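> To start, I am sharing the structure in question, which I have written as structure tokens.
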Amino acid sequence: MNSQIFRQKIQVSLGNTSLQAALDANAERRVQGRIAAFASLPDWRERRQRAHAVRAEVIAHLDSYLDQFIANAEKNGIIVHRAKDAAQAVKIVLGIAKSSPQPALAASPWSHREEQKEIRVQRPAPFQGPRSSVAKLIAKSKSMVSEEINLNHALEKENIRVVETDLGEYIVQLRGEKPAHIITPAVHLRRADVGRLFHEKLGIPYTEDIPTLTDTARKVLREVFLAADIGISGVNFGVAETGTLCIVTNEGNGRMVTTISPVHIALMGMERIVPTLDDLALMLSLLPRSATGQKLSVYTQLIHSPRRAGETDGAQERHLVIIDNGRSRLRNSPLHEALYCIRCGACLNACPVFRELGGHAYVGSDGSIAPYPGPIGSVVSPGLLGENFVHLAQASSLCGACKDACPVDIDLPKLLTRVRAGKTPATSGNGLSPLSKFGLQIYSRVARNPKLFSVSQKSAALTTFLVSPFSQWIHLPAFTGWGYSRDFPRPAVKPFRARWKNTHYGPQKTKGLDTENTEKENKPNAKLSELRVSVVKKEKVEKFSEELTALGGKVYRVSQAELNNRLVDFLKERNIEAVLMWDQVEGVDEVHLTEAGLRAVRSVDPSLKAGITGVASAIAETGTLVVPSGKGQMLSASLLPEIHIAVVRSSQIVPSLEEVLRCDEVRVAASVALVSGPSRTADIEMTLTIGVHGPKELHVFLVDG
């Protein structure tokens, strides 16, 4: 396997000081954020093992769970397609794109330099009958499987413009690059790189101010959202028992492409199934903490169906493309555990090798960049895409940091050694050379015999001393394959076993020691009931307010008698005269608002600065609002305006996500948005910036009773 190009990429990455600084900053912040987030989950070890068991169960019985999921999704009105490989998946998407209805919203006349004051937009009636027009513009949310099948290139060849709308993905698309990380696509870039890029491509004055750069992208991409014929997204999880699509994002672009565009196409790897909504709650307690250090991502969408009769927004058609593309082969191989992955990226941040190389160094023998880099990518890429990426498994020290970081406890070091041994679907039986196999057989026999192993250690120490008497290292020539970047340390004259024997910790001294405390430390140290400790100790209302405030939201405690006057005062202070508003928000008197000179708008209007919604419930543990779609309950009111105002009654607050997912109102809605704070991103230099595609502000009027 020719890996010379890979070695060259490694040398380039190691010599790039800017890249090294960017990777170090990303890894440190991600790792520290993950540690802090899991500190609030006392039974995380138990949850990790439960999640591993759930993923193992799904992969073992994948056909059955897929059949159940597809049946329920189709019952809900989602059009399901199965694609055996990348070519078929692309063909399906192109077929949908070539028969697309007109965009849901008229193209916005905004530019990134100036916003229009008034835009009057009418939604079309729900689609009926055959379609014949060809999509001209596709707004695309983050989807790693789309990178895997090279979808963008195929769409562009058909003269269909496709625009990435995740900030990091948009940046690398403008540069003509692939994502450098599965969570942080532009991790390899500094703010100066983005400033120059936006100056050249978008025509703005050069700046390194990250909020300004983010706001520029917001304005440019808002035009794309409003004009797009089709929205494309990935799927984090599909729920078998309900046919639900779960999409997790922070910026709001995922909500935009699934809410504004008339047609939504969701791309899902066939392994991304969970059996029940309870299992989904388990996965959602682990995924955001591992990926971005959050208890819950800003937006967690639960999509059950297309827009229903009487609803103002939401996609008129929803298509789901379930993609195999090698997953069936991988499932039946020794690497099947790789399919347990939930794509959090934690193993990349923990890996000492990835932290030096970055994603663009993970290239195939033909020079193409692997769609999945890092430890998991070094298993998944060869597992799905073949021999071209087999050598990536060599880029690991097998230190185990990836396994420790994995929220579903995938044994990545074991899988990496299996790839090295040739146990991939495409290379099964090839593996190591005969000479390497012979050497390992000799080592295995020696290592199993303590006396022989001791003699071999002493012999190796003497021999290597004669070979390299003046250095602690044995310099290896390049032709060995090891000598490109590594030297071999000289075995110690006095090996560890001999040193250990003579210490007070030696084997005879440790017999009979009480290991009970050590065992307790290594076991999950919390019961499930401890999950609720913080909520039990504090009132749910206080906990909710505390969590939402920490996320950048504002909470105002009011009585019912005060509510309407407080709303009027809030809006008047900001010179707001019209708001996008649900038909009915419990406790809000529209007559009172009208008499105060405020106008409630019920048609989707992107020019409005504020939106007012109610909620189905709220979650104390995470400071989350549960915002369902429905007749008179437009999702756009909590998405399009810069300011989202939510009215929550204290009686609507529940302790945890598990309780919410069991509610009938959540299970039967066409779509539900779980909102945890204002939209945010850290895609430029890991600098947290509030306000991306969704609202910049979230204000909750919390009504007693």
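> Take every Cα-Cα distance within the range 154-246, group them into 5 Å bins from 0 onward, and report for each bin the whole-number percent of pairs it holds.
Result, from short to long distances: 3, 11, 19, 21, 18, 13, 8, 4, 2, 1, 0 percent.
> Which pairs, out of Lys543/Lys696; Lys631/Lys696; Lys84/Lys201; Lys157/Lys219; Lys201/Lys609; Lys140/Lys403, put more than 30 Å between their alpha-carbon atoms?
Check vs 30 Å cut-off fails for Lys84/Lys201; Lys140/Lys403.
> For a protection proxy built on the mean count of beta-carbon atoms within 10 angstrom, sort 450-460, 137-147 highest first, please.
137-147, 450-460
> How many nm separate the modelled label positions at Ala60 and Lys451, each set 7 Å beyond the Cα in the direction of the Cβ?
In this crude spin-label approximation the distance works out to 4.4 nm.
> Continuing with this model, one more query. Could you rank the peptides 5-13, 367-375, 342-350, 412-420 by their average count of other C-beta atoms within 10 Å per residue, with the highest value first?
The densest-packed peptide leads the list: 342-350, 367-375, 412-420, 5-13.
> Right, another one. Considering only DSSP beta bridges with both partners in the chain, what is the antiparallel share in %, to the nearest 5?
Rounded to the nearest five, the antiparallel share is 35 percent.
> Another question about this same structure. Let a ≥ b ≥ c be the square roots of the eigenvalues of the Cα gyration tensor of the range 613-656; is it rounded (a/c under 1.5), or, if not, prolate (a/b larger than b/c) or oblate?
Here the range 613-656 falls in the prolate category.
> DSSP beta bridges in the range 533-703, what fraction antiparallel, as a percent rounded to 5?
Within the range 533-703, antiparallel bridges account for around 30 percent of the total.
> When you count, for each residue, the other Cβ atoms within 10 Å and take the mean per peptide, how do 76-84, 441-449 rank with the highest first?
Output ranking for 76-84, 441-449: 76-84, 441-449.
> How many nm separate the modelled label positions at Gln584 and Arg7, each set 7 Å beyond the Cα in the direction of the Cβ?
It is 7.3 nm.
> Among rounded, prolate and oblate, which fits the range 332-392 when a ≥ b ≥ c are the square roots of the eigenvalues of its C-alpha gyration tensor, a/c under 1.5 means rounded, and a/b larger than b/c means prolate?
Oblate, since a/c reaches 1.5 and b/c is not below a/b.
> Pairs of alpha-carbon atoms within less than 8 angstrom and 6+ residues apart define the contacts here; what relative contact order does the chain have, in percent?
This gives 17 percent for the chain.
> If you take the C-alpha gyration tensor of the range 274-356, multiply each eigenvalue by 5 and take the square root, what semi-axes do you get, largest first, in whole Å?
Square roots of five times the eigenvalues give 30, 20, 13 Å.
> Of Leu384, Leu245, how do they rank once you tally other Cβ atoms within 10 Å and put the fewest first?
Starting with the residue having the fewest Cβ neighbours, the order is Leu384, Leu245.
> Still on this model: Just want the answer: with Cβ charges of +1 for Lys and Arg and -1 for Asp and Glu, which residue in Val627, Gln68, Val408 is farthest toward the dipole's positive end in the chain?
Selected residue: Val408.
> Further, regarding this structure: Any idea which of Gln472, Ala227, Leu174 is furthest toward the positive side of the dipole for the chain, if Lys and Arg beta-carbons carry +1 and Asp and Glu beta-carbons -1?
Gln472
> Tell me, in nm to one decimal, what length is gained between Arg662 and Glu595 on full extension, where the rule is 0.36 nm per residue of separation less the Cα-Cα distance?
Gain on stretching Arg662 to Glu595: 20.1 nm.
> If you place +1 on the Cβ of every Lys and Arg, -1 on the Cβ of every Asp and Glu, and leave all else neutral, what size is the dipole of the chain about its Cα centre, to the nearest 20 Debye?
2960 debye
> Using the Kyte-Doolittle scale, find the helices of the chain whose mean hydropathy is at least -0.5 and whose Cα atoms extend 30 Å or more along the helix's long axis, counting only whole DSSP H runs.
17-38
> Now a separate question. Under a point spin-label approximation (7 Å from Cα along Cα-to-Cβ), what is the Arg557-Lys84 distance to one decimal in nm?
Spacing of the two 7 Å Cα→Cβ label points: 6.4 nm.
> Efficiency by 1/(1 + (r/R0)^6): what FRET value for Ala39 and Lys572, r their Cβ-Cβ distance, R0 = 45 Å, to the nearest 0.05?
Using R0 = 45 Å, I get an efficiency of 0.60.
> Towards the positive end of the charge dipole of the chain, with charges on Cβ (+1 Lys, Arg; -1 Asp, Glu), say which of Ala139, Ala89, Ala51 has the farthest Cα.
Comparing the listed Cα positions along the dipole, Ala51 ranks first.
> Calculated FRET efficiency, Arg308 and Leu688, Cβ-Cβ r, R0 35 Å, to nearest 0.05?
My answer for the efficiency is 0.45.
> When the helices in the chain are scored as -39500 (n - 2.57) per DSSP H run of 4 or longer and the sum is shared across all residues, what 222 nm value do you end up with, to the nearest 500 deg cm²/dmol?
Helix contribution divided over all residues of the chain: -11500 deg cm²/dmol.
> To the nearest 0.05, how large is the calculated FRET efficiency for Tyr206 and Val467 if R₀ is 56 Å and r is the Cβ-Cβ distance?
The formula returns an efficiency of 0.45 here.
> In addition: Is the range 533-703 best put as rounded, prolate or oblate by its Cα gyration tensor, with a ≥ b ≥ c the root eigenvalues, rounded for a/c under 1.5, and otherwise prolate when a/b is larger than b/c, oblate when not?
Cα axes put the range 533-703 in the rounded bin.
> Also, quick follow-up: Determine, for Tyr556, Tyr65, the number of other Cβ atoms within 10 Å of each Cβ, and report the residues in order from fewest to most.
Least to most surrounded, the residues fall as Tyr556, Tyr65.
> If you don't mind, there's one more thing I want to ask. What fraction, in whole percent, of alpha-carbon pairs in the chain exceed 35 Å separation?
Tail of P(r) above 35 Å: 47 percent of Cα pairs.
> Now for a different question. Please arrange Ile273, Ile690 by how many other C-beta atoms lie within 10 Å of their C-beta, fewest to most.
Least crowded to most crowded, the residues run Ile690, Ile273.
> Also, I was wondering about something else. ³J(HN,Hα) across the range 331-344 via Karplus (A = 6.51, B = -1.76, C = 1.60, θ = phi - 60°), whole Hz, x for Gly/Pro?
So the J values, rounded to whole Hz, are 4, 9, 10, x, 9, 4, 5, 4, 6, 6, 4, 10, 6, 8.
Bear in mind these aren't lab numbers, they're just calculated from the coordinates by the rules spelled out. Quick caveat: nothing in here was measured; it's all calculated off a predicted structure. Quick reminder, even Gly has a Cβ in these numbers, built from the backbone with ideal geometry, and neighbours come from all protein chains shown.
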